[in-house]
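Participant: There's a structure below that I have some questions on.
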């Protein structure tokens with residue numbers, strides 16, 4: 001039986017909740033159609049510490065698929081990240097008070113890693129189900145990108161991990177209510193969307209040949 | 001027993017559904033805490049015809065409260081409109097092919113009418129329930145503003161209508177899935193939000209003294 | 001010889017300059033093609049006081065045309081305002097510390113006044129000259145709308161004022177440099193745009209029949 | 001004497017001009033304070049062909065510094081790109097009709113290259129001069145990113161090129177006039193900004209330690 005590790009973050013930036021953990025924890029113990037079992041983990045919103053927890057969980061569960069999820073306040077849809085870059089450049093301190101600037105995540109690591117999720121097939125399937133989604137060309141330079149890069153670096157040497165990637169999700173409506181004009185998504189839709197993303201990730205052999213790019 | 005008339009629109013602008021009607025029709029026949037009964041009506045997205053239907057329904061039901069609801073694709077929250085202006089200026093043709101430009105809605109009518117809903121109390125109550133909402137200073141110059149102005153003009157001479165106003169609502173998620181990057185709101189939250197708006201509208205005597213304004 | 005009164009505002013909201021005054025003062029004493037002479041005035045960013053100064057200047061200069069200009073940080077183009085509404089609802093205090101909420105500007109005044117500038121011809125002429133411009137359906141509910149409404153109220157009883165209106169302009173580049181991501185416009189283009197707006201305002205007899213509306 | 005190669009693009013996407021070439025060509029033959037001489041080149045907006053021209057010009061001029069410039073319609077400021085990624089994913093066909101999807105730019109090339117311009121010092125200097133600027137975390141996946149990646153790949157093996165990078169610039173006002181609501185920047189400011197960027201690039205030894213990152 002395959003194991004899928006799904007992670008969310010604790011709140012940051014003055015928020016009282018983090019939609020990534022709210023959504024992810026609802027999938028704990030669930031099974032996919034192929035029998036794969038989902039395990040979940042909560043990551044601290046802190047450089048270094050987040051990757052320590054992720055590494056421990058990966059060693060513990062030996063997952064076949066790892067998807068990390070983070071909050072992107074201001075985005076309106078589920079954004080499947082294409083690429084993680086080897087730099088920490090924090091516009092605000094993390095939850096441990098650290099604010100690295102232009103620091104490599106992995107010294108001598110490659111400049112970037114591409115997601116190994118079938119991005120286009122995921123976006124296509126989500127939209128077909130009426131769930132707003134798109135490919136994103138940047139995961140930023142904060143803890144989300146840090147975890148995404150660290151995950152892909154780990155996965156590059158652990159061949160048991162067949163697919164790995166990162167998804168950004170919008171504010172929950174109750175968060176957006178405190179940020180007038182900010183878009184949001186219901187928790188139910190986030191949960192449904194993540195479940196579908198996992199199903200597509202374990203079943204699609206060849207990603208769809210459709211554009212998910214942008215001119216800039 | 002009081003009667004509340006709630007209206008939604010048919011689809012326009014190439015959409016296959018209109019969230020205003022999807023939400024409104026789910027409230028047909030429902031009762032508020034004070035016993036008021038909701039009746040609903042579908043308005044055509046057409047200048048003139050929409051007001052004809054609205055007028056007929058108002059004469060038929062003799063409502064105490066009338067709230068018209070319309071789709072505002074691109075907005076992220078429930079926007080409670082403050083003011084209706086006496087002009088039709090259509091950027092696209094309506095569903096009957098008409099595209100009036102700078103035409104008065106009511107010849108010799110006043111330049112504008114203010115909503116008589118308790119805007120601030122509504123926004124306050126919605127946010128307190130975790131439903132994104134704000135006051136809007138413009139309902140545009142298309143069929144929504146046309147209906148809003150026509151409604152307020154009617155209400156100004158029918159004293160049985162104690163409150164009247166207009167609410168714009170975002171795309172449904174399945175619409176936003178076809179407009180990458182556009183915000184949306186779940187149908188459940190729209191329905192819950194409209195119900196709460198009606199409860200506040202019939203119960204609040206004096207609107208909250210908080211700002212809902214904008215610098216421009 | 002005709003006189004044109006053009007006004008700008010002092011800085012507000014923490015800014016060190018206000019593009020409206022920077023642009024307007026460069027047009028002081030200039031003449032239009034028809035010989036009209038421009039006089040300018042600086043308005044305080046304060047409810048009441050701004051209208052006091054405007055009224056004094058109008059009595060002093062007896063202008064044929066009055067155009068008030070204000071800053072709209074976040075907008076990208078010259079926005080020609082269509083309508084002023086009879087309400088002050090300040091999201092932030094004005095420069096005198098006043099923050100009115102839902103207060104009428106003129107007790108028993110009409111709900112709104114429409115601009116008497118040829119909005120569509122102005123936008124058309126500006127765009128033809130490569131100057132970004134559009135019609136705006138709301139001037140907000142702060143000091144700008146307050147001045148716009150007060151101006152139109154005055155003009156409604158002073159028939160010597162043949163046209164009157166309000167224009168919002170973007171940040172200057174040096175302001176936008178402190179608001180990452182905010183749009184701006186060069187001072188030269190603002191000055192050129194306002195001059196063209198005045199030329200069109202004094203020369204056009206019948207506004208262009210093109211849409212400047214919005215669906216919401 | 002040092003040589004600086006500055007490139008711009010031909011128009012694409014239905015535009016009649018490209019601000020990158022309009023700005024770049026005005027700097028042809030100019031000298032920096034240290035005596036460096038600027039040479040310019042026009043690149044076709046076409047995958048492959050653009051890199052062919054760039055490679056030819058680099059061999060011809062043997063520049064010490066190469067900065068490629070491209071149009072980012074919708075962005076409001078000069079955005080200094082941080083990273084180029086090894087993928088072409090075109091949302092629209094290029095000027096030669098080609099629309100690659102998820103294709104590597106350099107087979108077996110690294111996933112990404114970081115700019116070797118002093119990004120933070122550049123942004124700091126531009127803002128200090130009142131020119132809106134910021135660091136961008138994505139150059140997209142179209143011809144701009146293609147050229148940026150190809151440039152950095154070339155530079156990685158040509159040690160004579162001491163610095164190389166990419167800058168996106170907004171629409172010109174005359175373009176924005178045809179895209180209502182789109183931000184723009186004057187040609188003069190673009191030219192001044194690029195000149196300042198080059199001065200900083202040749203003179204700064206150690207980039208400023210300030211954040212230019214984003215949370216997502």
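Quick note: the coordinates plus some simple rules give every number you see, no bench work behind them. This is a predicted model, so every value here is computed, not measured. No Cβ is skipped: glycine too gets one built from the backbone with ideal geometry, and neighbour counts run over all protein chains shown.
Participant: How many angstrom lie between the C-alpha centres of the range C:136-206 and the range D:1-70?
Facilitator: 39 Å
Participant: Decide, for the range D:90-216, between rounded, prolate and oblate: order the square roots of the alpha carbon gyration tensor eigenvalues as a ≥ b ≥ c, take rounded if a/c falls under 1.5, and otherwise choose prolate if a/b is larger than b/c, else oblate.
Facilitator: It comes out oblate by the Cα gyration axes.
Participant: Could you check what % of the DSSP bridge pairs in the range A:3-203 are antiparallel, to the nearest 5?
Facilitator: The antiparallel proportion sits near 25 percent.
Participant: Given Cα pairs under 8 Å that are at least 6 residues apart, what percent is the relative contact order of the range D:3-203?
Facilitator: Value for the range D:3-203: 28 percent.
Participant: Say R0 is 56 Å: what FRET efficiency, to the nearest 0.05, do residue C:34 and residue A:157 get from their beta-carbon distance?
Facilitator: Given R0 = 56 Å and the Cβ-Cβ separation, E is 0.10.
Participant: Hey, another quick one. At residue C:129 and residue C:99, where each label point lies 7 Å from the Cα along Cα→Cβ, what is the point-to-point distance in nanometres?
Facilitator: Between residue C:129 and residue C:99, the label points sit 4.0 nm apart.
Participant: For labels at residue A:52 and residue B:106 in the simple 7 Å Cα→Cβ model, what's the distance in nm?
Facilitator: Here the modelled spin labels are 6.9 nm apart.
Participant: Using a 10 Å cut-off around each Cβ, can you sort A:12, C:9 from fewest to most neighbouring Cβ atoms?
Facilitator: Going from sparsest to densest Cβ surroundings: A:12, C:9.
Participant: Taking residue A:55 in one copy and the same position in all the others, each labelled 7 Å out along Cα→Cβ, what are the pairwise distances from the first, in nm, shortest first?
Facilitator: 4.1, 7.3, 7.5
Participant: A follow-up question, please. Shape verdict for the protein assembly as shown, please, from the Cα gyration tensor: rounded (a/c under 1.5), prolate (a/b greater than b/c) or oblate.
Facilitator: Verdict is oblate for the protein assembly as shown.
Participant: Ok, one more. Using the number of other C-beta atoms within 10 angstrom as an exposure proxy, rank D:190, D:152 with the fewest first.
Facilitator: In increasing order of surrounding Cβ atoms, one gets D:190, D:152.
Participant: By counting other Cβ atoms within 10 Å of each Cβ, how are D:127, C:82 ranked from fewest to most?
Facilitator: Listed from fewest to most nearby Cβ atoms, that is D:127, C:82.
Participant: Further question on the same structure: Just from its helices, what would the mean residue ellipticity at 222 nm be for chain C, if runs of 4 or more DSSP H residues each count -39500 (n - 2.57) and the sum is divided by every residue, rounded to the nearest 500 deg cm²/dmol?
Facilitator: Helices in chain C give a 222 nm mean residue ellipticity of -9000 deg cm²/dmol.
Participant: Run through the other copies and list how far each one's label point is from that of residue A:30, in nm with one decimal, shortest first; the point sits 7 Å from Cα along Cα-Cβ.
Facilitator: 2.6, 5.6, 6.2
Participant: Now for a separate question. For the pair residue C:42 and residue B:203, what calculated FRET efficiency results from E = 1/(1 + (r/R0)^6), where r is the Cβ-Cβ distance and R0 = 60 Å, to the nearest 0.05?
Facilitator: Calculated transfer efficiency: 0.80.
Participant: Once both labels are modelled 7 Å past Cα along the beta-carbon direction, what's the residue C:62-residue B:178 spacing in nm?
Facilitator: Distance between label points: 6.2 nm.
Participant: Just to confirm the numbers: residue C:74, label point 7 angstrom along the Cα-Cβ line, distances to the other copies in nm, shortest first?
Facilitator: Relative to the other copies, residue C:74 has label-point distances of 1.3, 1.5, 2.0 nm.
Participant: Which percent, to the nearest 5, of DSSP beta bridges fully inside the protein assembly as shown are antiparallel?
Facilitator: Within the protein assembly as shown, antiparallel bridges account for around 25 percent of the total.
Participant: Using every Cα-Cα pair within the range D:3-203, state what percent have a distance larger than 32 Å.
Facilitator: For the range D:3-203, the fraction of Cα-Cα distances above 32 Å is 8 percent.
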